[in-house]
There are 4 protein chains.
Amino acid sequence: MDRVVVVNLASTEPPWNGTIPDTFAAIEPALDQPADVGSPLPASSLYALAAFESGAAYINFTPSTGASPRALDEVARQRGLPHAGCDGKTGETLLKSVLAPMFAARNLDVMSWVGHNIFGNLDGRILDDPANKAAKVKSKDHLLGALLPKPPQTHVSIEYIESLGDWKTAWDHIHFRGFLGTPMTMQFTWQGCDSILAAPLVIDLVRLVDRARQNGEQGQLGWLASFFKSPLGCTEQGFFRQLAMLESWVAEQPASS
Amino acid sequence: MDRVVVVNLASTEPPWNGTIPDTFAAIEPALDQPADVGSPLPASSLYALAAFESGAAYINFTPSTGASPRALDEVARQRGLPHAGCDGKTGETLLKSVLAPMFAARNLDVMSWVGHNIFGNLDGRILDDPANKAAKVKSKDHLLGALLPKPPQTHVSIEYIESLGDWKTAWDHIHFRGFLGTPMTMQFTWQGCDSILAAPLVIDLVRLVDRARQNGEQGQLGWLASFFKSPLGCTEQGFFRQLAMLESWVAEQPASS
Amino acid sequence: MDRVVVVNLASTEPPWNGTIPDTFAAIEPALDQPADVGSPLPASSLYALAAFESGAAYINFTPSTGASPRALDEVARQRGLPHAGCDGKTGETLLKSVLAPMFAARNLDVMSWVGHNIFGNLDGRILDDPANKAAKVKSKDHLLGALLPKPPQTHVSIEYIESLGDWKTAWDHIHFRGFLGTPMTMQFTWQGCDSILAAPLVIDLVRLVDRARQNGEQGQLGWLASFFKSPLGCTEQGFFRQLAMLESWVAEQPASS
Amino acid sequence: MDRVVVVNLASTEPPWNGTIPDTFAAIEPALDQPADVGSPLPASSLYALAAFESGAAYINFTPSTGASPRALDEVARQRGLPHAGCDGKTGETLLKSVLAPMFAARNLDVMSWVGHNIFGNLDGRILDDPANKAAKVKSKDHLLGALLPKPPQTHVSIEYIESLGDWKTAWDHIHFRGFLGTPMTMQFTWQGCDSILAAPLVIDLVRLVDRARQNGEQGQLGWLASFFKSPLGCTEQGFFRQLAMLESWVAEQPASS
């Protein structure tokens, strides 16, 4: 096996409350400290570090911390490795990143955007814990403020409904104002199978990240933003602008031999 | 008044079954023929012609024929006038042009796309006539085939429901297939006020077309495609690609004095 | 085999345009006339007649004519046989018969009720033929006028969407007026599997009709109205009032030995 | 003014954690105790008590405690006064009490029932406080267990979304199992104006309670159950069975002179 890409597909970990230093030099000594003192990094970041130290590229498909801290990007760059994240954009958030730019482009003032998500797989059970849910909700919610000229009131809920199994159902209610302040409404329901939506993205990401590595790219791959709810190395949240970045990258690749 | 822009905002006329010659020279003689022989052009095209002959630019905000025939574009160009159309993209079709490229980009195979529209204004009453409806349904439906790699089964209905007045409600049901052929569903409802959605587009179009005329642009203005269900002079149907054309045009304009 | 119950589960036949005499005596001679003269009864009624003549009870689970004509009820009674129909109430219409009485009870004035049905099984393909569809739409639509104090504007569509297979999806939009004329809206989507919803009703009907026959009941069994969109022998269309009739009948039955 | 009916239309108070004795004799002495010791009754019950002591009938249109405790019913009866409650059933819960009996009657096994409510009036702002919300959610949720043979997993949320004002929007997702365990789904959205839905119920309740008082009825009026989410004096939660109780009462009234 010549090259490995490690992908974090574990369920979401709770938000990390500790401060993570900006340089690896400031973290490294604490990695060996006794267990009762505690780790300077959350579990997902320790795995990311292990990946880089093993010479593997890394993809964070979850909202966990992973390789997001600057210190971990530093390690990746030192080892000449690329990485990408965070949190695969498979359903409701994908739609937000597609629809919000339309409202903005048409000067329709979004007053509130409510999204309720119900599903019943293991991921759902873990997100039912408020600590785990907090990181996910933030990742699903923050992009609207970046995409709309005036941040709307937003609400995101995620509830574990056992009977639904892997079938995520999202209901979004978008309340917006048009010409002369007239209020109007768009609602959508998305009935998708989370694993089925995620699997091809994971496969594509692995192939793209590995190709980037062969190109000599290292650190955060911002041009993979279209795959993520909280893209690293890229502030653009609109799906089609993100997609254009991916298409540009692809266009620059030499034809496969 | 220095410059006039004529906008067709009448209700949809039935599809024109006659053949319209490609040159104005072949049409002109027939314009004066007796009434019982009939007009070589539908009413909307006669109005477009009258606009051009009066030195006015022209915008067709309806699916009627208007200035779409090549012979009318020829007249516009001879007079140095720009025109744009057809059929303002205000609601359900706007969403189709935003969402369909997302399904394509994510390789989600849309198997069927059903759109039901109900509303109760005068426009709705006129569209309740099957002859008038035919032109509208075609204009609302055709873009999916252009936006998706495999044309899905589509169905569009428009029904006059008096109690709704100017409040158009659309329900769209999108049935698509993901990884391993797994079927999934997206549904949306759009509750919009048609006149309120149309009015600012009309104002913007008048200002943009008039500016283009001052620039010396003539004939079909393809870069206005984002405003229309059936754009003239442009084959692109994806909203954000159309929008990029508009933004490029705007970026090229000199700062207003 | 001691007793047989024949159930019509065929796809809907087109509405029968001929007049069917009220007595069997007026029909019988025409049954043997040459084929080119044509039958005095539609196919579904010939089958019902054959059932009665074979000593079988009969259930019409479709909107076809079946045993609805008075002349066929006469035959059933002469043979001491019960029958029931028409058109199994499995999904969207069941909801109409549950919800409309609520609007009436609360004095909420239903202005319009639109129901769009899409599905892709053989039944759907046959209903896609306008002739077959006509009978079905009437059966799905007429009850609202009977359940609401003021008949609303109604619209029912049934479309064959191949990808949905046996999964019927209905979207209903109910526009109603409350206190001081304030307009409000209820929408529902029903995603049901038609065969799965119908099967247990058919089994129950067979057992109930057979039990009624053993009781000596004959002719139309009006107390089975809760099972049907267009009940025979019963003008009540409200589901819970129909259900009370069934429950009364059950309560009168002696305990099984 | 001969007779008064007091109606509690205040926003929901937090659940009362204290134990309320079953007899008024055990409560009365504590009513005059110093403020720092605290009241033996929540505010809503003090108002109900004041109503009874002033000779007024009482209606609790909220989920607050009001006249629900046995000790307050005792006071009402001693004074010969009727009362009714709790919590007006205007929208989403009305639909639950209409639809759940249908699922039960058709032997469709409801696995989960999720209801999300968003609105932006003062009531919504107060319910946004978790303490106040707790009482309301319980009142909206508990009836499903009473109406379905097997209590489903349920979830009710109420969120304050300012832009909606008095327009309550509820989205309910009902996941049920039919024949052979086949899972199916019903979803509804209810877009109602809360005050407009409540007002006529309040007027009817006042007139009905006053009429009952003239009849000499006292204590809890169980036959008014159809108006309430948590009816006093009645364990029936199905809307149409509740309605039949009201209709029976009306039928027994002598014609007005």
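Only one of (1) within 25 Å of D:Gly80 (Cβ to Cβ); (2) outside any helix (DSSP H, G or I) fails for D:Ala25. Which number is that?
(2)
Across the range D:1-17, what is the number of residues that are more than 19 Å from the chain's Cα centre (by Cα) and touching a residue at least 24 places away in the same chain (Cβ under 8 Å)?
2
Mind checking which residues of the range B:164-207 are touching a His at 6+ places or on another chain (Cβ under 9 Å) and of a type in the set (Gly, Ala, Ser)?
Answer for the range B:164-207, where residues must be touching a His at 6+ places or on another chain (Cβ under 9 Å) and of a type in the set (Gly, Ala, Ser): just B:Ala170.
One line per residue, one yes/no per condition, for (1) more than 18 Å from the chain's Cα centre (by Cα); (2) without any contact (Cβ under 8 Å) to a residue 12 or more places away in the chain:
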position	(1), (2)
C:Met184	yes, no
C:Phe188	yes, no
C:Ser195	no, no
C:Ile203	no, yes
C:Leu208	no, no
C:Ser226	no, no
C:Ser230	no, no
C:Gly233	no, no
C:Phe239	no, no
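Can you name every residue in the range D:121-155 that is assigned to a loop (DSSP other than H, G, I, E, B) and either touching a Phe, Trp or Tyr at 6+ places or on another chain (Cβ under 6 Å) or of a type in the set (Ser, Thr, Tyr) (or both)?
Scanning the range D:121-155 gives D:Asp128, D:Pro152.
If I go through the range C:151-186 residue by residue, how many of them are surrounded by fewer than 21 Cβ atoms within 10 Å (Cβ to Cβ), in contact with an Asp or Glu (Cβ under 6 Å, 6 or more places away or on another chain) and aliphatic (A, V, I, L, M)?
0
Which residues, counting only those in the range A:1-52, are touching a strand residue (DSSP E or B) at 6+ places or on another chain (Cβ under 7 Å) and not aliphatic (A, V, I, L, M)?
A:Asn8, A:Ser44, A:Tyr47, A:Phe52, listed by residue number.
If you check D:Leu148, D:Leu201, D:Leu208, D:Leu108, which single one turns out to be within 30 Å of D:Ala51 (Cβ to Cβ), buried (at least 18 other Cβ atoms within 10 Å of the Cβ) and touching a strand residue (DSSP E or B) at 6+ places or on another chain (Cβ under 6 Å)?
Sole residue among the options that is within 30 Å of D:Ala51 (Cβ to Cβ), buried (at least 18 other Cβ atoms within 10 Å of the Cβ) and touching a strand residue (DSSP E or B) at 6+ places or on another chain (Cβ under 6 Å): D:Leu201.
Checking D:Gly85 against (1) more than 20 Å from the chain's Cα centre (by Cα); (2) touching a residue at least 60 places away in the same chain (Cβ under 8 Å), which single condition isn't satisfied?
(1)
Applying the selection to the range A:10-30, what residues are within 17 Å of A:Ala135 (Cβ to Cβ) and out of contact with any Ser or Thr (no Cβ under 7 Å at 6 or more places or on another chain)?
If the condition is that a residue be within 17 Å of A:Ala135 (Cβ to Cβ) and out of contact with any Ser or Thr (no Cβ under 7 Å at 6 or more places or on another chain), then A:Ser11, A:Pro14, A:Pro15, A:Asn17, A:Gly18, A:Thr19, A:Ile20 are the ones that fit.
Can you tell me which residue in the range B:109-157 is farthest from C:Gln153 (Cα to Cα), limited to those that are of a type in the set (Val, Ile, Thr) and within 12 Å of chain C (Cβ to nearest Cβ)?
B:Val110
Give the residues of the range A:177-216 that are among the small types (Gly, Ala, Ser) and over 27 Å from A:Cys86 (Cα atoms), sorted by residue number.
Of everything in the range A:177-216, those that are among the small types (Gly, Ala, Ser) and over 27 Å from A:Cys86 (Cα atoms) turn out to be A:Gly178, A:Gly181.
Which number in (1) closer than 30 Å to C:Gly192 by Cβ; (2) assigned to a helix (DSSP H, G or I) marks the one condition that C:Glu13 misses?
(2)
Which of the residues belonging to the range D:198-232 are touching a Cys at 6+ places or on another chain (Cβ under 9 Å) and among the hydroxyl-bearing types (Ser, Thr, Tyr)?
Hit for the range D:198-232 is D:Ser230, nothing else.
Give the range B:31-58 a look and list any residue that's surrounded by fewer than 18 Cβ atoms within 10 Å (Cβ to Cβ), without any contact (Cβ under 8 Å) to a residue 24 or more places away in the chain and closer than 28 Å to B:Pro130 by Cβ, or say none.
Selection gives B:Ala35, B:Asp36, B:Val37, B:Gly38, B:Ser39, B:Leu46.
Quick one: in the range C:158-197, which of the residues that are hydroxyl-bearing (Ser, Thr, Tyr) and assigned to a strand (DSSP E or B) is farthest from the other protein chains (Cβ to nearest Cβ)?
Within the range C:158-197, the match that is farthest from the other protein chains (Cβ to nearest Cβ) is C:Tyr160.
Tell me, which residue of the range D:76-102 that is assigned to a helix (DSSP H, G or I), more than 14 Å from chain A (Cβ to nearest Cβ) and in contact with an Asp or Glu (Cβ under 9 Å, 6 or more places away or on another chain) is nearest to D:Lys229 (Cα to Cα)?
Checked the range D:76-102; the qualifying residue nearest to D:Lys229 (Cα to Cα) is D:Thr93.
Of the conditions (1) over 21 Å from C:His155 (Cβ atoms); (2) touching a residue at least 60 places away in the same chain (Cβ under 8 Å), C:Glu92 clears all except one; give me its number.
Among (1) over 21 Å from C:His155 (Cβ atoms); (2) touching a residue at least 60 places away in the same chain (Cβ under 8 Å), the lone unmet condition for C:Glu92 is (1).
Can you report the number of residues in the range B:199-252 which are within 14 Å of chain A (Cβ to nearest Cβ), acidic (Asp, Glu) and in a helix (DSSP H, G or I)?
Residues that pass the stated criteria total 2.
Residues in the range A:220-257 that are over 18 Å from A:Lys89 (Cβ atoms) and either buried (at least 20 other Cβ atoms within 10 Å of the Cβ) or aliphatic (A, V, I, L, M) (or both): how many?
Pass one, the range A:220-257, residues over 18 Å from A:Lys89 (Cβ atoms): A:248, A:250-257.
Then keep just the ones that are either buried (at least 20 other Cβ atoms within 10 Å of the Cβ) or aliphatic (A, V, I, L, M) (or both); that gives A:250-251, A:255.
Residues in the range A:220-257 being over 18 Å from A:Lys89 (Cβ atoms) and either buried (at least 20 other Cβ atoms within 10 Å of the Cβ) or aliphatic (A, V, I, L, M) (or both): 3 in total.
Return a yes/no flag: does the range B:150-169 have any residue that is farther than 30 Å from C:Lys150 by Cβ, in contact with a Pro (Cβ under 7 Å, 6 or more places away or on another chain) and modelled with pLDDT of 90 or more.
no
Okay, residues lined up against (1) assigned by TED's automatic domain parsing to the domain that holds B:Met186; (2) within 30 Å of B:Phe179 (Cα to Cα):
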site	(1), (2)
B:Thr65	no, no
B:Ser68	no, no
B:Leu72	no, no
B:Val75	no, no
B:Gln78	no, no
B:His83	no, no
B:Ala104	yes, yes
B:Val110	yes, yes
B:Asp129	yes, no
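Could you check, for the range D:125-134, whether at least one of its residues is in contact with a Leu (Cβ under 9 Å, 6 or more places away or on another chain), surrounded by fewer than 17 Cβ atoms within 10 Å (Cβ to Cβ) and either without any contact (Cβ under 8 Å) to a residue 60 or more places away in the chain or more than 30 Å from C:Asn117 (Cβ to Cβ) (or both)?
Within the range D:125-134, none of the residues are in contact with a Leu (Cβ under 9 Å, 6 or more places away or on another chain), surrounded by fewer than 17 Cβ atoms within 10 Å (Cβ to Cβ) and either without any contact (Cβ under 8 Å) to a residue 60 or more places away in the chain or more than 30 Å from C:Asn117 (Cβ to Cβ) (or both).
Residues being over 28 Å from A:Asp123 (Cβ atoms) and not in a helix (DSSP H, G or I): count how many of those fall in the range A:36-75.
Total satisfying the criteria: 3.
From the list B:Asp32, B:Asp73, B:Asp36, which one is acidic (Asp, Glu) and closer than 23 Å to B:Ala225 by Cα?
Checking each option against the conditions leaves just B:Asp73.
The values are calculated or read from the model by the stated rules, or taken from the named source; none is laboratory data. Since the structure is predicted, the reported quantities are computational estimates derived from the model, not experimental observations. Cβ sites come from the backbone with ideal geometry, for glycine too, and all protein chains shown count toward neighbours.
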